[in-house]
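Enquirer: Submitted below is the structure of interest, expressed as C-alpha cells.
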Amino acid sequence: MKTLSKNPSQTAVQNLKNTVRYARPKFYISNQEDKTNISLLIPGVPKEKIDISIKNNQLIVKSDWVPTLENGEKFLIKQFTVSPFKAVFKLDDTLDQDSISATLENGVLNLSLSKKKSYTEVKKIEIS
C-alpha cells in the first residue's frame, strides 16, 4: 500500500489548501401567481463567468471567478471582495425546470422560474 505522507495531518492541510471555498451570495426569493423569482447579489462578476445548472432537482448558481489586477496595480482601498461563490436551491415539483430565464443587471442576477401550468390554472369543478 502506497503512503501519501508520513504525516497524515500534513496531507489533510495540503488537501485543504487545494480546496476552493465558496461564499454564499446574499439573495431573496419572491413569489408570483405564475412564477418564482430569485435575485442574487453578485457585484462585479461578468455573466460569462457565472455557471447556472440544474442537477437532481437543485438549481445551482456558481462562479470561481476572482478579479485580477493589471501589472503593478495595487488596491488603495478595498471595501468589498469578490470571491468564488455557490448557491443551491431545491426545486419543488410546481416549477417548470425547462423554462428558467436569467438576467444580470447592475450586479444583481435575476432568475425567473415559471410554474407548471397545472399549478397556475384554476380548474372549476361542477357539482352534479
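All of the numbers you see were taken from the coordinates with simple rules; none came from a lab. Note that this is a predicted model, so its numbers are computed, not measured. Note that each Cβ is placed from the backbone with ideal geometry, even for glycine, and that neighbours are counted across all protein chains shown.
Enquirer: What list of ³J(HN,Hα) couplings, whole Hz, do you get for region 49-58 from phi and the Karplus terms 6.51, -1.76, 1.60, once you set θ to phi - 60° and write x for glycine and proline?
Expert: Per residue, the Karplus-derived 3J(HN,Hα) values read 9, 9, 10, 10, 8, 10, 8, 6, 6, 10 Hz.
Enquirer: Normalised by the number of residues in region 48-95, what is the relative contact order in percent for Cα pairs under 8 Å and 6+ residues apart?
Expert: Contact order relative to length: 42 percent.
Enquirer: Under 5 Å between amide hydrogens, which residues at least 5 positions from I50 or on another chain qualify, with H placed 1.01 Å from N in the peptide plane?
Expert: none
Enquirer: Tally Lys/Arg at +1 and Asp/Glu at -1 over every other residue whose Cβ is under 9 Å from the Cβ of N57; what's the total? Mind showing how you got there, number by number?
Expert: Working: positive: K55, K90; negative: D92, D93.
That works out to 0.
Enquirer: I'd like the projected area of region 52-120, averaged over all directions, using the convex hull of its alpha carbons. Report it in nm² with one decimal. Please list the in-between numbers first.
Expert: Working: hull surface 26.2 nm².
One quarter of the hull surface, i.e. the mean projection, equals 6.6 nm².
Enquirer: Just want the ordering: K47, K86, K26, from fewest to most Cβ atoms lying within 10 Å of their own Cβ. Please report the intermediate quantities before stating the final value.
Expert: Details: K47 13, K86 16, K26 10.
In increasing order of surrounding Cβ atoms, one gets K26, K47, K86.
Enquirer: Further question on the same structure: Using Cα-Cα distances under 8 Å and only pairs 6 or more residues apart, what relative contact order does region 28-128 have, in percent?
Expert: Values: 139 pairs, mean separation 33.1, N = 101.
Taking the mean separation of contacting Cα pairs over the length of region 28-128, I get 33 percent.
Enquirer: Which log10 I(q)/I(0) values does region 14-79 give at q = 0.27 Å⁻¹ under the Debye formula, counting every alpha carbon as one identical point scatterer?
Expert: -1.33
Enquirer: Could you tell me which of the pairs K35/K86; K26/K117; K26/K49; K35/K117 are separated by over 21 angstrom between their Cα atoms in the structure shown? Walk me through the numbers before you get to the answer.
Expert: Values: K35/K86 23 Å; K26/K117 30 Å; K26/K49 18 Å; K35/K117 10 Å.
Table pairs above 21 Å Cα-Cα are K35/K86; K26/K117.
Enquirer: So, one more: Among K116, K35, K74, rank each residue by its count of other Cβ atoms within 10 Å, from fewest to most, as a rough exposure measure.
Expert: Details: K116 15, K35 18, K74 6.
Ranked by crowding around the Cβ, least crowded first: K74, K116, K35.
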